[in-house]
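Engineer: Could you have a look at this structure, given as structure tokens, before my questions?
Bear in mind that the values in this text are calculations on the coordinates, not laboratory data. Since the model is a prediction, treat every value here as computed from it, not as a measurement. Heads up, the Cβs are rebuilt from the backbone with ideal geometry, glycines too, and the neighbour counts pull from every protein chain shown.
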Amino acid sequence: MKSAQSSRGFTLLETLVVVVLIGTVALAAVPLLSSQNPTKLNVAAAEVGNALRFAISEVERIGGGCVWVEGSVPGHLWVFSSATCSTSSSGWVVVSDPLTKRALDVDASGPAFSGQVSMVPKFFMGGTAYKRMMIGPGTTQLQAYDGTNLGPLQPGSGVVLTLGPQSVTVALNEITGLVTLP
């Protein structure tokens, strides 16, 4: 008759199986939980594209004035209107988002994008990128603004969005004002 031995603990094989299972689950979960989520970049690109399209349509709505797209604060893109097309920001009025009734501000640094998406407007004039653009009078008059001078928008203008190693550009056609998403 065998004596009854009480077994305590785990065998080496059982421990190795558990470690392999945990490693497999972690290997599958890390990419899903990674902060480099391309969906955030696509959503940010759609938000910027909508803001640029809205800015262009706002010129038609106000009739005779101009709309400014302002991106000089990192992570923000604001839309202002001006009845006189003055370069002095004292005459600018904040444009309200038609859905939220708040100031139209695309905030890539805010909680919606977990502060992970960086946004850099690049409105080209004379081969140099600037962070301000004036639209109007008329929807096809697009001009970059360097703080002193206005000049015709050049090819390659748009807003560059970056999330980790990924980068996309919401392009703006300098002649037609067509906004193109990546």
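Engineer: Note down the nm distance, to one decimal, between modelled labels 7 Å out along Cα→Cβ at ASP146 and at THR15.
Structural biologist: About 6.9 nm, to one decimal.
Engineer: Further, regarding this structure: Please give me the summed charge of the neighbours of ILE135: other residues whose Cβ is under 15 Å from its Cβ, Lys and Arg +1, Asp and Glu -1.
Structural biologist: Combined, the nearby Lys, Arg, Asp and Glu give 0.
Engineer: Which entry in (i) 1.05; (ii) 1.16; (iii) 1.62 matches Cα Rg over 2.2 N^0.38 Å derived from the coordinates of this structure?
Structural biologist: Checked against the structure: label (iii).
Engineer: If you count, for each residue, the other Cβ atoms within 10 Å and average over each peptide, how do 14-24, 61-71, 141-151 line up from highest to lowest?
Structural biologist: Numbers: 14-24: 10.5, 61-71: 19.0, 141-151: 16.3.
Ranking, from highest mean packing down: 61-71, 141-151, 14-24.
Engineer: Simple spin-label model, 7 Å along Cα-to-Cβ: ALA26 to SER96 in nm?
Structural biologist: If labels sit at ALA26 and SER96, their model points lie 5.3 nm apart.
Engineer: At a threshold of 8 angstrom on Cα-Cα distance, excluding pairs fewer than six apart, so keeping six or more, what relative contact order does region 38-180 reach in percent?
Structural biologist: The value is 24 percent.
Engineer: Quick one: what are the phi-derived ³J(HN,Hα) couplings along region 93-108, Karplus 6.51/-1.76/1.60 with θ = phi - 60°, whole Hz, x for glycine and proline?
Structural biologist: Karplus values, whole Hz, x for Gly and Pro: 10, 5, 8, 8, 5, x, 8, 8, 6, 10, 4, 6, 9, 7, 10, 6.
Engineer: Give the separation of the Cα centroids, region 160-182 to region 60-94, in Å.
Structural biologist: 20
Engineer: 222 nm [θ] for the chain, helices only, -39500 (n - 2.57) per DSSP H run of 4+, per residue, to 500?
Structural biologist: Result for the chain: -9000 deg cm²/dmol, rounded to the nearest 500.
Engineer: Under the classification rounded if a/c is under 1.5, otherwise prolate if a/b is larger than b/c and oblate if not, where does region 101-147 fall, given a ≥ b ≥ c as square roots of the Cα gyration tensor eigenvalues?
Structural biologist: Since a/c reaches 1.5 but b/c is at least a/b, the shape of region 101-147 is classed as oblate.
Engineer: Hey, another quick one. At a Cα cut-off below 15 Å, give the aspartates and glutamates reachable from LYS40, other chains included and same-chain residues fewer than 8 away excluded.
Structural biologist: Hits, sequence-local ones excluded: ASP107.
Engineer: Please compute the length gained on full extension between ASN50 and ALA112, using 0.36 nm multiplied by the number of residues separating them and subtracting their Cα-Cα distance.
Structural biologist: Between ASN50 and ALA112, full extension yields 20.7 nm more.
Engineer: Once the dipole of region 11-122 is set up with Lys and Arg at +1 and Asp and Glu at -1 on Cβ about the Cα centre, which of LEU99, ALA55, GLY23 lies farthest towards its positive end?
Structural biologist: Looking along the dipole axis, the top candidate is ALA55.
Engineer: Moving to a separate point now. I'd like the Karplus ³J(HN,Hα) series for region 114-120: coefficients 6.51, -1.76, 1.60, θ = phi - 60°, whole numbers in Hz, and an x wherever there's a Gly or Pro.
Structural biologist: Listing the rounded values in order: 6, x, 9, 9, 9, 10, 10 Hz.
Engineer: How high is the relative contact order of region 102-182, given as a whole-number percent (alpha carbon pairs under 8 Å, six or more residues apart)?
Structural biologist: 24
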